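All of the numbers you see were taken from the coordinates with simple rules; none came from a lab. Not measured: the values here are computed from a predicted model. For neighbour counting, all protein chains shown are included, and Cβ atoms are generated from backbone atoms with ideal geometry for every residue, glycine included.
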Amino acid sequence: MKNDDLNVWIFEKLVYLYYQNLETMYYNRLIDKYLTEWAESKNRKPLLLRGARQVGKSTAIKHLGEKFENYVEINLEKQPTFKQLFEKDLDVKRIIPQIAAIIGKPIVTGKTLLFIDEIQSSQKAMMSLRFFKEDMPDLHVVAAGSLLEFALQDLPTFGVGRIHSMYMYPMTFDEFLEANGEQLLMNERNNATFTNPLSEPLYNKLLDLFRTYMLIGGMPEAVTQWTETHDYLACQQILDDILITYEDDFAKYKKKVNPILLRQTLQSAAVQITKKFVFAQVGGGFQTNEVKKSLEMLVLAGILIPVVHSSANGLPLGSESDRSYCKMLVLDSGLMLRLLNMTTGDISELSTQILTDDATDLVNKGSVAEMIAGLELLKYRTPNIRHELFYWQRQAKNSLAEIDYLTSYKSTVLPIEVKAGTRGGMKSLWLFMHEKNLTTAIRCSLENFGRFAYTDSENDTTRNVGICPLFAISQMGRLLEEM
């Protein structure tokens with residue numbers, strides 16, 4: 001080995017050892033359960049953990065590694081030497097002993113978790129995952145990376161049926177509560193029902209914590225900063241840094257989309273949040289097709305999440321969807337507020353209102369609440385597939401009827417209306433239930449748990465609407481059982 005090569009090897013090994021021994025506070029994540037189930041499965045496949053940058057993928061995998069006798073992590077971006085091991089061929093029985101030799105740690109089937117981070121930087125490494133299932137099925141292999149969806153699109157072949165994917169998002173409100181040491185408060189909330197709501201002190205405490213979550217969001221680094229310092233400005237600086245990281249990534253898309261257009265599209269999505277996305281509002285003189293491509297790239301990167309219109313005459317909702325009518329959600333409420341700040345120059349008044357206004361006045365901040373509700377609905381679903389969000393809007397002229405979210409419950413359509421405060425009628429919801437002949441719906445708001453019932457005299461049908469507080473969306477399935 002030449003001196004230069006030896007120096008590079010020594011440096012990369014030191015980097016590896018540093019990251020192996022770096023200890024940080026770990027907050028439990030919902031995905032931990034699914035990762036453990038994967039690790040304990042006898043018929044597991046190599047795992048690809050997917051999601052936007054900095055949502056906690058690597059940290060969750062390192063936490064899983066604590067369950068193993070040996071944990072081996074290689075980073076193909078920080079340690080490019082490892083990429084060379086995949087260039088000769090994709091024989092994993094050759095590659096694995098060489099990785100073990102370089103890092104000086106054994107890789108033993110059944111006892112070692114091998115984590116390949118930033119795998120998107122090597123097409124050959126990504127293609128090799130399929131061969132672990134065939135040639136080393138007992139070895140626990142998990143991979144993650146940034147902009148994985150773009151790399152997967154560029155692959156000539158991918159191991160369909162031989163690789164298992166999971167999708168990860170920023171922290172839920174429940175994870176935020178647990179990170180802040182509020183497990184006992186969560187337990188009390190989880191015992192509340194439509195007919196047995198929370199006591200006023202518990203309700204007010206949850207309401208205050210939810211206000212904080214609206215501002216901080218669920219990006220793990222920002223949540224950690226909050227738990228350690230309770231400093232909003234410090235959290236905002238972290239969120240700004242994350243957005244800058246996202247924008248730095250835009251240069252990697254430049255063969256497909258203009259980075260300036262990507263930035264403008266993202267900022268426009270924050271301004272248009274929870275409204276039908278209008279391409280012309282992006283501005284800059286770009287053509288509609290260019291903006292559409294930019295939007296697709298941001299969705300692919302996981303930064304924007306579409307909510308697609310559905311006629312909702314039955315299930316599945318996607319069978320009657322119209323993708324020309326889409327609303328866009330930003331990945332995280334904290335990031336969305338920082339984007340608004342970059343676009344409008346000042347959101348201090350909005351931040352103050354979120355923190356101090358009465359719940360009845362928060363209706364004017366409905367777009368933030370509606371976005372968080374949609375994100376919460378998405379995050380609590382199983383991570384094993386990429387789920388979609390749907391909404392309904394009457395297509396007739398001069399009609400304002402709209403249902404914020406649609407999902408399914410017991411083989412029927414479940415409409416969900418979101419209110420930021422404790423006021424507001426439900427004209428659209430009653431209309432939708434009548435038209436689709438539905439008997440159950442949910443109203444998500446900052447109200448306490450409760451319930452409405454309405455008898456439709458036209459067909460003598462009782463229609464029930466349960467009030468699920470925005471801070472209790474994780475409990476929606478349990479609450480529906482009570483209905």
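A Förster distance of 51 Å, applied to the separation of the beta-carbon atoms of residue 453 and residue 67, puts the FRET efficiency at 0.60. Just to be sure I understand: of the beta bridges DSSP finds with both ends in the chain, what percent are antiparallel, rounded to 5? Antiparallel bridges: around 45 percent, rounded to the nearest 5.
Take the Cα of residue 382, step 7 Å toward its Cβ, do the same at residue 87, and the gap between the two points is 4.2 nm.
For segment 79-162, the dipole from Cβ point charges (+1 on Lys and Arg, -1 on Asp and Glu) about the Cα centre works out to 260 debye, to the nearest 20.
Under the convention that each Lys and Arg Cβ holds +1 and each Asp and Glu Cβ holds -1, the size of the dipole of the chain around its Cα centre is about 1420 debye.
In order along segment 139-147, phi translates into HN-Hα couplings of 8, 7, 10, 9, 10, 8, x, 9, 6 Hz, rounded to whole numbers, per the Karplus curve 6.51 cos²θ - 1.76 cosθ + 1.60 with θ = phi - 60° and x for Gly and Pro. In plain terms, the chain from residue 289 to residue 245 could stretch by 13.3 nm, reckoned as 0.36 nm per residue minus the Cα-Cα distance. Its Cα centre serving as origin, segment 227-323 has a Cβ charge dipole (Lys and Arg +1, Asp and Glu -1) of approximately 580 debye. 3J(HN,Hα) along segment 222-228, derived from phi through the Karplus expression 6.51 cos²θ - 1.76 cosθ + 1.60 where θ = phi - 60°, amounts to 5, 5, 4, 4, 5, 5, 8 Hz, with x in place of Gly and Pro. Computed over the Cα atoms of segment 363-454, pair by distinct pair, the Kirkwood hydrodynamic radius stands at 14.2 angstrom. Applying 1/(1 + (r/R0)^6) with r as the Cβ-Cβ distance of residue 399 and residue 255 and R0 = 56 angstrom yields a FRET efficiency of 0.85.
Working ranking of peptides 369-381, 85-97, 204-216, 104-116 by packing, defined as the average number of other Cβ atoms within 10 Å per residue, highest first, is 369-381, 204-216, 104-116, 85-97. With the simple spin-label model, which puts each label point 7 Å out from Cα in the Cβ direction, the residue 481 to residue 324 separation comes to 4.4 nm.
Of the peptides 434-444, 261-271, the ranking by mean beta-carbon count within 10 Å, highest at the top, reads 261-271, 434-444.
By definition, a body whose alpha carbon gyration tensor gives a ≥ b ≥ c is rounded when a/c is under 1.5, and segment 44-135 falls into this rounded group.
Among rounded, prolate and oblate, which fits segment 174-482 when a ≥ b ≥ c are the square roots of the eigenvalues of its C-alpha gyration tensor, a/c under 1.5 means rounded, and a/b larger than b/c means prolate?
Working: a/c = 1.90, a/b = 1.19, b/c = 1.60.
Here segment 174-482 falls in the oblate category.
Helical content alone sets the calculated 222 nm signal of the chain at -13500 deg cm²/dmol, taking -39,500 (n - 2.57) per DSSP H segment of four or more residues and averaging over every residue. The calculated FRET efficiency for residue 33 paired with residue 150, based on their beta-carbon distance and R0 = 30 Å, is about 0.55. For the Cα atoms of the chain, what angle does the longest principal axis make with the long axis of helix 123-135, in degrees from 0 to 90, nearest 10? Long axis of 123-135 versus the principal axis of the chain: about 90 degrees.
With the charge dipole of the chain set up from +1 on Lys and Arg Cβ and -1 on Asp and Glu Cβ about the Cα centre, the Cα lying farthest toward the positive end among the listed residues 434, 176, 101 is that of 101.
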